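The values are calculated or read from the model by the stated rules, or taken from the named source; none is laboratory data. Please read all numbers here as calculations on a predicted model, not as lab measurements. Cβ atoms come from the backbone with ideal geometry, glycine included; neighbour counts cover every protein chain shown.
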Amino acid sequence: MSAIERETREFESRSSRSKGIFEKARELTPFGVHSNYRYIDPYPLYFSRAKGSKIWDADGNEYIDFNMGFGALVTGHSHPILIREIGNCIDKGVLYGFEAEDSVELGRIVTSRFGYDMVRFSTTGAEATMHAVRLARAHTGRKKLLKFEGCYHGSHDSLLVSVKPTKEKVGDRKSPNQVPASKGIPPEVITNTIIAPFNDLEACEAIIRNHRDELAAIMLEPIPMNMGFVLPEKGFLEGLRRLADEFNCLLFFDEIKTCGKFYRGAADHFGVKPDLCTMGKAIAGGFPLSVIAGSKKVMETIVPGQVSHAGTFNSNPLSVRAAIVTLRDVLTESGFHFAERLGEQLAKGYYDIARDAELEAQLQWIGLSGTIHFSQEPVRDWRSFLETDTATWFLFYLSMMNRGIIPTGTGPDEQWTLSVQHTEEDVNRAIERFKSIAGDLKDVMEKMPLVEAL
């Protein structure tokens, strides 16, 4: 019996109630989940409660959670300050259909902290990027976007292009193909989304020059987080800023994830200012709120009756209050420093174990987030991510889960997140569990393909 077979049996023996729920759920819901990212073989786990750094599944198994809602919970689960404030807020109404008074205070907090002139609030990350793409096109009068191979920006058609293309479809490294990431996307939609390789400024410049009069925006995550955890190489972001200025298009940072990885976001951390930015996930402590932010010149393109931006749940009073409390009282500079220190401790612990066990593994991290890529070389773009070993990652994930650790999000393209409620004991336990399984990860014989569609 292989290690994967053994750990799969152990997973099934620990999660019989989840299996039963799955059998019922898939009769009502495709694959039993309401987001494809939550499905994993042999079946998804179902959870019943969470508190602090811990989460409990339907079978009562306790886990230390390093997924943290795919990075949305840098506050940790059910932070007591948030619980108290939201309890008070509910009595005043959960949805007005009009602007919440507190939205002005939140606007001031966000613009001050992240360094933008103006904001518009939405509800989800996908909504924010969808509206921001329209805004970029309206502002520039151009229709094409430059997007990077392997990057994910939400599940709307114009950006579901070359998110997880296979080796057979990617095309030339310097000028990648436009590959739809789902069935149901009309071919004519993706023609306006130009694909470039991350961390290759020379190739980007050639592509941009080729579309110089058509390009509305250069769009990217400053740290791509759907091919693991890929740091921008020195000069890459600065070079994109220069190219955006030279060719009169917008530099658009999608910081839905990265706004919660640094106190003032990735733009401030790397010292490169975009014209347009979207933020979300961690910004409201687990409540649904996203932000479109930018310069006054760009943001004032939004005009009722001319450029659309709307949403029933936009700036709802619960999410607005949650974001105020999260940014003001929970995700403070000292809170970030604490979580970053734990993140460094976790990554270095994993690194030492992988080195001592002679694993083909790359630890890539900064601050409170990072990942382990099972590969011979560092991952710097989508093409190098395609060389990672999915089967070894699956064994790592399943083995850690069976030992009470959720090590990352549900996929080899995800990362861990430390919260302000994690402890050194949590980190030490994760390191100990990784040490106990490292030997099994050395010679995994199975092969598993990457899943192309999301």
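Quick notes on this structure:
- Complete set of residues in region 88-106 that are at pLDDT 95 or above and either not β-branched (Val, Ile, Thr) or not in a helix (DSSP H, G or I) (or both): ASP102, SER103, GLU105, LEU106
- Of all positions in region 50-62, at least one carries a residue that is in contact with a strand residue (DSSP E or B) (Cβ under 9 Å, 6 or more places away or on another chain), part of a strand (DSSP E or B) and at positive phi.
- Unique residue being free of Cβ contacts under 8 Å to residues at least 24 places away in the same chain, assigned to a loop (DSSP other than H, G, I, E, B) and at negative phi when the list is VAL230, VAL303, VAL272: VAL303
Conditions (1) within 18 Å of THR371 (Cα to Cα); (2) in a loop (DSSP other than H, G, I, E, B); (3) modelled with pLDDT of 95 or more; (4) among the small types (Gly, Ala, Ser), marked per residue:
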position	(1), (2), (3), (4)
PRO412	yes, yes, no, no
SER419	yes, yes, yes, yes
HIS422	yes, yes, yes, no
GLU425	no, no, yes, no
GLU432	yes, no, yes, no
MET445	no, yes, no, no
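- ALA347 satisfies every condition listed in (1) modelled with pLDDT under 95; (2) surrounded by 22 or more Cβ atoms within 10 Å (Cβ to Cβ) except (1).
- GLU85 being at pLDDT below 95, exposed (fewer than 13 other Cβ atoms within 10 Å of the Cβ) and either of a type in the set (A, V, I, L, M, F, W, C) or over 26 Å from the mean Cα position of the chain (by Cα) (or both): no
- Matching residues in region 124-173 - criterion: being over 25 Å from ASN248 (Cβ atoms), touching a helix residue (DSSP H, G or I) at 6+ places or on another chain (Cβ under 9 Å) and assigned to a helix (DSSP H, G or I): GLY125, ALA126, ASP157
- Selection count where residues are among the hydroxyl-bearing types (Ser, Thr, Tyr) and either assigned to a loop (DSSP other than H, G, I, E, B) or not assigned by TED's automatic domain parsing to the domain that holds ASP426 (or both), scope region 63-76: 1
- From the list LEU359, LEU331, LEU368, the lone residue that is buried (at least 22 other Cβ atoms within 10 Å of the Cβ) and farther than 30 Å from VAL94 by Cβ is LEU368.
- Among the criteria (1) within 21 Å of the chain's Cα centre (by Cα); (2) crowded, with 19+ Cβ neighbours inside 10 Å, the one LYS273 does not fulfil is (2).
- Test: GLU149 is among the acidic types (Asp, Glu), modelled with pLDDT under 95 and on the phi < 0 side of the Ramachandran plot: no
- Being over 22 Å from ASN199 (Cβ atoms) and in contact with a His (Cβ under 8 Å, 6 or more places away or on another chain) is a condition met by no residue of region 397-411.
- All conditions in (1) over 26 Å from GLY71 (Cβ atoms); (2) buried (at least 23 other Cβ atoms within 10 Å of the Cβ); (3) of a type outside the set (D, E, K, R); (4) touching a helix residue (DSSP H, G or I) at 6+ places or on another chain (Cβ under 6 Å) hold for ILE218, with the sole exception of (1).
- Single residue of ALA354, ALA282, ALA323 found to be farther than 22 Å from THR75 by Cβ and of a type in the set (A, V, I, L, M, F, W, C): ALA354
- Per the listing PHE374, PHE385, the residue uniquely in the same structural domain as VAL427 (by TED's automatic domain parsing), more than 15 Å from MET68 (Cα to Cα) and either polar (S, T, N, Q) or more than 19 Å from the chain's Cα centre (by Cα) (or both) is PHE374.
- The sole residue among ARG14, ARG38 that is in contact (Cβ under 8 Å) with a residue 60 or more places away in the chain, in contact with a Ser or Thr (Cβ under 8 Å, 6 or more places away or on another chain) and assigned by TED's automatic domain parsing to the domain that holds THR392 is ARG38.
- Cβ pairs under 6 Å, 6+ apart, first in region 110-138 and assigned by TED's automatic domain parsing to the domain that holds ALA282, second in a helix (DSSP H, G or I) and hydrophobic (A, V, I, L, M, F, W, C): MET118/MET299; VAL119/VAL110; SER122/ALA128
- Filter result (surrounded by 15 or more Cβ atoms within 10 Å (Cβ to Cβ), at pLDDT below 95 and assigned to a loop (DSSP other than H, G, I, E, B)) within region 180-206: ALA181, ILE185
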